[in-house]
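Visitor: Pasting in a structure now, in structure tokens, and then I'll have a few things to ask.
The values are calculated or read from the model by the stated rules, or taken from the named source; none is laboratory data. As the structure is a prediction and not an experimental result, all values here were calculated from the model. Reconstructed Cβ throughout: ideal geometry from the backbone, glycine too, with neighbour counts over all protein chains shown. Areas reflect the complete protein model, heavy atoms only, side chains present, ligands, DNA and RNA absent. Shrake-Rupley method; radii C 1.70, N 1.55, O 1.52, S 1.80 Å.
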Amino acid sequence: MKILQQTSTELTVGEKPPRFILGLFLASFLSIGLLFVFGILNSINTTFEIADNYKGYRYLMLAIGSTIILYGFIGFSSIARIPPNVICRLDKESNRMTIKYSDEKVLQHSLEEIADIRVEEWEDTYRVSFILISSESLPLTYVYSSSRKEKQQIADCIREFLG
């Protein structure tokens, strides 16, 4: 969770998927696929007698390696387009708070309905939640995560923005 945009009249907070995980995903598929492909190509070049006995096996491994590489690129391109998990926009001009979750659930409330912003704790994990005048709790994320300090900074920034 971090501040995505802040002006005098608008504050946008969101959580995006970490980019290094996307890189690890692609790298793991490429590595495994290349191991298959280069392993087979190496056996073709070095031991013709053995490789000729396993011609079907060689083509199967080449197909598996190529498929793994292809799925890696397809998966990476799909994951790279994932929108932020949560977007919370506070707009003073329209007096609205809009929370859009990744499951396309959108909640809207007036800024005047916000009574407090809290950092909720559960078994050494944390999340930021809006507490409405009606005592309803609106969490910015469904899941709790580590780093109380980060969550507290977000809560303090929202409090300061709302005045």
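Visitor: Considering only the range 40-47, I want to know if a residue exists there that is open to solvent by less than 90 Å² (accessible area, probe 1.4 Å), at pLDDT 70 or above and of a type in the set (S, T, N, Q).
Guide: no
Visitor: On to the next question. Quick check on my filter: what residues within the range 109-124 are out of contact with any helix residue (DSSP H, G or I) (no Cβ under 6 Å at 6 or more places or on another chain) and either among the aliphatic types (A, V, I, L, M) or more than 18 Å from Tyr142 (Cβ to Cβ) (or both)?
Guide: Hits for the range 109-124 are Ser110, Leu111, Glu112, Glu113, Ile114, Ala115, Asp116.
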